[in-house]
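**Student:** Pasting a structure here, questions to come.
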Amino acid sequence: MKAILALEDGTFFTGEAFGAVGEQWGEVVFNTGMTGYQEVLTDPSYCGQIVVMTYPLIGNYGINKEDFESKRSFVRGFIVREVCDRPSNWRASYTVSDFLAREKVIGLAGVDTRALTRHLRSHGTMRGIISTDVTNIRDLVEKAGTSPDFSEQVMVPEVSTRESYTIDGSGPRVVVVDYGSKLNIVRCLQERGCEIIVVPYDAAPEDVLGLNPAGLLLSNGPGDPSRVPHVVENTKALLNKLPIFGICLGHQVIAQALGAKNYKMKFGHRGSNHPVKDLRSGKVYITTHNHGFSIDENSLKGLDVYVSHRNLNDNTVEGIVHKYLPIFSVQYHPEASPGPMESGYLFDEFIAKMNREVK
């Protein structure tokens, strides 16, 4: 079946549909990872987006039961150069096409993803429509241009847990505020023996403190934190109460709670091959990213924080540390999945901060 991606600027790309059929709109973004498509498809931070994979062959190792980052997919479309429907991997349970059909996500194969990526790099991410109805391209372009702007959407409530739950452990108790948390964040804490209590995104500060945690982790999630100001206010009330570690959206929430501002990037960072320098040690790490917003470094002036990590591709802020309080955060994903695991030391730093506070 034929399918089409129509962008709001009038550009369109045609190909073959796989997965689900129908029509869906979203922000069109690209991911530069060579592997990890299953983790991308199940990362809640991609909620509301149509994802273009720059690596040309997707699906060759299928979908397995172990590598999910959430219980379902939140992407609104999936675009590839070539899709493999005969995966070869001993862990594979079914194909990418089968998975997308189950999740009601439209896939589009046979697209010149290099040309599409270059277009998005030159003109920035934009709204698009992916559809299996290709009879009227002009209508689809018009729909893309009139669909809701990504920056104006509030998606955290859609991806957050609705009920708190506990994962037993013998180590320090960590409360994870779920803005759309990847499962590997919890796994990384489990590996370090933590007792974990996952709470909804809008958990009240007094309820969080009532759990007597040794530390607080603010997770990744989709969208602009400015669209959930009550989340920022909740965090502000906890800043001087306990050690806090922020990842991705959690990083931006901390920054706003401290008085900084963020901005929407032209095309963002999405992939598992971004070089980031830890300015404290001088070491460079290859890291996993999925974000379209970044902290405005000028807005950090006069605040009691310093930049701890920097992206070596575009010099953007990738991490901040409070000068006096046990608070730090990074824009990228130290839990990886997919991607290099070499930034796991940040979880060790979090554990160390909690242990120092207990003593």
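**Student:** Let me spell it out: the conditions are (1) in contact with a Ser or Thr (Cβ under 6 Å, 6 or more places away or on another chain); (2) in contact (Cβ under 8 Å) with a residue 60 or more places away in the chain, and Val321 meets all of them except one. Which number is the exception?
**Tutor:** The failed condition is (2).
**Student:** In addition: For the structure I just gave you, tell me whether Asn355 is touching a strand residue (DSSP E or B) at 6+ places or on another chain (Cβ under 8 Å) and surrounded by fewer than 15 Cβ atoms within 10 Å (Cβ to Cβ). Working first, answer last.
**Tutor:** Details: touching a strand residue (DSSP E or B) at 6+ places or on another chain (Cβ under 8 Å): no; surrounded by fewer than 15 Cβ atoms within 10 Å (Cβ to Cβ): yes.
For Asn355, the condition - touching a strand residue (DSSP E or B) at 6+ places or on another chain (Cβ under 8 Å) and surrounded by fewer than 15 Cβ atoms within 10 Å (Cβ to Cβ) - is not met.
**Student:** Filter the stretch 184-222 down to the residues that are acidic (Asp, Glu) and over 23 Å from Gln256 (Cα atoms), then identify the one that is surrounded by the fewest Cβ atoms within 10 Å (Cβ to Cβ). Working first, answer last.
**Tutor:** Initial filter on the stretch 184-222 (acidic (Asp, Glu)): 191, 195, 202, 206-207.
Those left that are additionally over 23 Å from Gln256 (Cα atoms): 191, 195.
Values: Glu191: 12, Glu195: 18.
It comes out as Glu191.
**Student:** Is it true that some residue in the stretch 172-185 is at pLDDT below 95, closer than 19 Å to Thr42 by Cα and out of contact with any Leu (no Cβ under 6 Å at 6 or more places or on another chain)?
**Tutor:** First, pick out the residues of the stretch 172-185 that are at pLDDT below 95: none.
Taking every residue of the stretch 172-185 in turn, none turns out to be at pLDDT below 95, closer than 19 Å to Thr42 by Cα and out of contact with any Leu (no Cβ under 6 Å at 6 or more places or on another chain).
Residue-wise test of (1) surrounded by fewer than 16 Cβ atoms within 10 Å (Cβ to Cβ); (2) over 18 Å from the mean Cα position of the chain (by Cα).
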| site | (1), (2) |
| --- | --- |
| Asp224 | no, no |
| Arg227 | yes, no |
| Asn240 | yes, yes |
| Pro243 | no, yes |
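**Student:** Then there is this: Got a sec? Which of Val51, Val40 is in a strand (DSSP E or B), of a type outside the set (Ser, Thr, Tyr) and within 14 Å of the chain's Cα centre (by Cα)? Don't jump to the end; show me each part of the working.
**Tutor:** Details: Val40 fails: in a strand (DSSP E or B).
Of Val51, Val40, the one residue that is in a strand (DSSP E or B), of a type outside the set (Ser, Thr, Tyr) and within 14 Å of the chain's Cα centre (by Cα) is Val51.
**Student:** Assuming Thr95 fulfils every condition listed in (1) in contact with a Cys (Cβ under 9 Å, 6 or more places away or on another chain); (2) crowded, with 21+ Cβ neighbours inside 10 Å; (3) more than 23 Å from Asn273 (Cα to Cα) apart from one, which condition is it?
**Tutor:** It fails just one condition, (2).
**Student:** Please go through the stretch 150-194 and pick out each residue that is within 30 Å of Val28 (Cα to Cα), part of a strand (DSSP E or B) and aliphatic (A, V, I, L, M).
**Tutor:** Val176, Val177
**Student:** Could you pull out the residue among Lys277, Lys241 that is out of contact with any Asp or Glu (no Cβ under 9 Å at 6 or more places or on another chain) and among the basic types (Lys, Arg)? Walk me through how you get there before you give the answer.
**Tutor:** Details: Lys277 fails: out of contact with any Asp or Glu (no Cβ under 9 Å at 6 or more places or on another chain).
After applying the criteria, what remains is Lys241.
**Student:** Now a separate question. Is it true that Tyr46 is free of Cβ contacts under 8 Å to residues at least 60 places away in the same chain and either surrounded by fewer than 20 Cβ atoms within 10 Å (Cβ to Cβ) or hydroxyl-bearing (Ser, Thr, Tyr) (or both)? Even if it seems obvious, please write down each step before you answer.
**Tutor:** Values: free of Cβ contacts under 8 Å to residues at least 60 places away in the same chain: no; either surrounded by fewer than 20 Cβ atoms within 10 Å (Cβ to Cβ) or hydroxyl-bearing (Ser, Thr, Tyr) (or both): yes.
Taking the combined requirement at face value, the residue does not satisfy it.
**Student:** If a residue has to be touching a strand residue (DSSP E or B) at 6+ places or on another chain (Cβ under 7 Å), outside any strand (DSSP E or B) and at positive phi to count, how many in the stretch 2-34 make the cut?
**Tutor:** So the answer is 1.
**Student:** Let me ask something else about it. Search the stretch 166-184 for residues that are in contact (Cβ under 8 Å) with a residue 12 or more places away in the chain and outside the structural domain of Cys47 (by TED's automatic domain parsing) and pair each with any residue that is buried (at least 24 other Cβ atoms within 10 Å of the Cβ) and aromatic (Phe, Trp, Tyr) when their beta-carbon atoms are under 9 Å apart and the residues are at least 6 apart or on different chains.
**Tutor:** Qualifying pairs under 9 Å: Val174/Phe245; Val174/Phe350; Val177/Tyr201; Asp178/Tyr201; Tyr179/Tyr201; Gly180/Tyr201.
**Student:** Output yes when any residue across the stretch 326-334 is surrounded by fewer than 15 Cβ atoms within 10 Å (Cβ to Cβ), assigned by TED's automatic domain parsing to the domain that holds Val177 and either free of Cβ contacts under 8 Å to residues at least 60 places away in the same chain or not aliphatic (A, V, I, L, M) (or both), and no when none is. Explain how you work it out, then say what you get.
**Tutor:** Within the stretch 326-334, the subset surrounded by fewer than 15 Cβ atoms within 10 Å (Cβ to Cβ) is none.
For the stretch 326-334, residues surrounded by fewer than 15 Cβ atoms within 10 Å (Cβ to Cβ), assigned by TED's automatic domain parsing to the domain that holds Val177 and either free of Cβ contacts under 8 Å to residues at least 60 places away in the same chain or not aliphatic (A, V, I, L, M) (or both): absent.
**Student:** What number of residues in the stretch 168-183 are surrounded by fewer than 24 Cβ atoms within 10 Å (Cβ to Cβ) and either under 22 Å from Asn234 (Cβ atoms) or among the hydroxyl-bearing types (Ser, Thr, Tyr) (or both)? Step through it out loud before you land on a result.
**Tutor:** Of the stretch 168-183, the ones surrounded by fewer than 24 Cβ atoms within 10 Å (Cβ to Cβ) are 168-173, 183.
Then keep just the ones that are either under 22 Å from Asn234 (Cβ atoms) or among the hydroxyl-bearing types (Ser, Thr, Tyr) (or both); that gives 170, 172-173.
Going through the stretch 168-183 one residue at a time, the tally reaches 3.
**Student:** Checking the conditions here, which among Ala260, Ala255 is small (Gly, Ala, Ser), surrounded by fewer than 24 Cβ atoms within 10 Å (Cβ to Cβ) and not in a strand (DSSP E or B)? It would help to see each step written out before you state the result.
**Tutor:** On the way: Ala255 fails: surrounded by fewer than 24 Cβ atoms within 10 Å (Cβ to Cβ).
The match here is Ala260.
The values are calculated or read from the model by the stated rules, or taken from the named source; none is laboratory data. Given the structure is predicted, the values throughout are model-derived calculations rather than measurements. Ideal geometry is used to build each Cβ from the backbone, glycine not excepted, and the neighbour counts take in all protein chains shown.
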